Amino acid sequence: MSHLAISQGSLTAPVGSDFSIRRSVFKAQTINFNDKSWAPLLPLDLKIKNGGLRNQRIVCMSVQQASVPKVAVSPLQLEDANEPPLNTYKPKEPYTATIRSVERIVGPKAPGETCHIVIDHGGNVPYWEGQSYGVIPPGENPKKPGAPQNVRLYSIASSRYGDYFDGKTTSLCVRRAVYYDPETGKEDPSKNGVCSNFLCNSKPGDKIKITGPAGKIMLLPEDNPNATHIMIATGTGVAPYRGYLRRMFMESVPKFKFGGLAWLFLGVANTDSLLYDEEFTKYLKDYPDNFRYDIALSREHKNNRGGKMYVQDKIEEYSDEIFKLLDDGAHIYFCGLRGMMPGIQETLKRVADGRGENWEEKLSQLKKNKQWHVEVY
């Protein structure tokens, strides 16, 4: 049975936009349609904002039946390592990569701008799903004259093979951070986020200094291909899950044949703020027994107490099922703004109390079993 519940949720901050209004997930040129090895591909109509993308299509794969092929990926040597790559490039000696594309991926009514940024690293900075890249924006560190800017970490939003399936690119999901003066209500560019604006303003061909990859806590455990993975995100925290899901449902990976359950909870402000929704709804259609997708839209729907619907409210709605899955060994992941966790923890504690369980003891056991994965910023 498939699940797509539209409700409310997520933490937002005021950000601005200077891109044309359009929405997509990745450009059609990420697939070579003349390469017969990709066939057959199932096109998914793109939601067009202001007619900006009439000749582009999104491509996702059906994996409900073994007879429907997934996308071929290369090089398969990326599967050979037993341990993830870590800190291949450090802040003092970063790798200079190239911006391949920058795409606004939210609609006109989204409170702010979020961009999908594809970076060409030439295959020289390999990574695993769930890791992060560091980005060093240009310019001088304002607190250390003469020194470069500090590294900013961004969760990677693609599988290790990238959006082009050739192992040479990575993708970032970046929300433009814009500061508004509380007294005047006007934007103050001097206080805008340095790195997010650098990335969202980038153009194809621009150079970018990257470090990493970093992180192990959000790596996708693959020892049991039939495991359950419960993924909870607010906003751009959905980035690592996009990588997981492409690996599970879109790519042909000989060493990883996913047969378990992936359950995504995504909280954003409104429908126009949904990220990669076309990809996720396609997985839901193609693989309903292995993928569930619940969204919480804080500015459009109410929770059962009449307040705004946040992602923790959606978790509470399915709490009995989630707790049973955790008892059976499911992994649970949290990624997004740091402020998401207190509300989620309070909800889980309340649910545990109602079930006659001690939440602190349960959480300790989940951590001990390595079922609990958190990356907030």
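The values are calculated or read from the model by the stated rules, or taken from the named source; none is laboratory data. Values in this document were obtained by computation on a predicted structure and should not be read as measured data. All Cβ positions, even for glycine, are placed from backbone atoms using ideal geometry, and neighbour counts span all protein chains on display. Surface areas here come from the heavy atoms of the whole protein model, side chains and all, with no ligands, DNA or RNA. Shrake-Rupley method; radii C 1.70, N 1.55, O 1.52, S 1.80 Å.
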> Which of the residues that make up region 215-235 are among the polar types (S, T, N, Q) and either open to solvent by less than 30 Å² (accessible area, probe 1.4 Å) or in contact with a helix residue (DSSP H, G or I) (Cβ under 8 Å, 6 or more places away or on another chain) (or both)?
Replying inline: THR228, THR234
> Just to be sure, is GLU279 open to solvent by 30 Å² or more (accessible area, probe 1.4 Å) and either assigned to a helix (DSSP H, G or I) or among the polar types (S, T, N, Q) (or both)?
Replying inline: no
> What number of residues in region 83-110 are over 14 Å from LYS209 (Cα atoms) and either among the small types (Gly, Ala, Ser) or at pLDDT below 95 (or both)?
Replying inline: 3
>> Being touching a helix residue (DSSP H, G or I) at 6+ places or on another chain (Cβ under 6 Å) and either at pLDDT 95 or above or within 20 Å of GLU375 (Cα to Cα) (or both) is true for just one of GLY122, GLY130, GLY134. Which residue is that?
In response: GLY130
> Looking at LEU348, is it in a loop (DSSP other than H, G, I, E, B), within 23 Å of TYR377 (Cβ to Cβ) and not β-branched (Val, Ile, Thr)?
Replying inline: no
> Residues of region 181-233 being in a loop (DSSP other than H, G, I, E, B) and within 19 Å of the chain's Cα centre (by Cα), which ones?
Replying inline: GLY215, LYS216, ILE217, MET218, LEU219, LEU220, PRO221, GLU222
>> Could you go through region 355-377 and let me know if any residue there is open to solvent by less than 60 Å² (accessible area, probe 1.4 Å) and closer than 20 Å to THR114 by Cα.
In response: yes
> In region 316-340, which residue that is of a type in the set (A, V, I, L, M) and modelled with pLDDT under 95 is most open to solvent (accessible area, probe 1.4 Å)?
Replying inline: LEU337
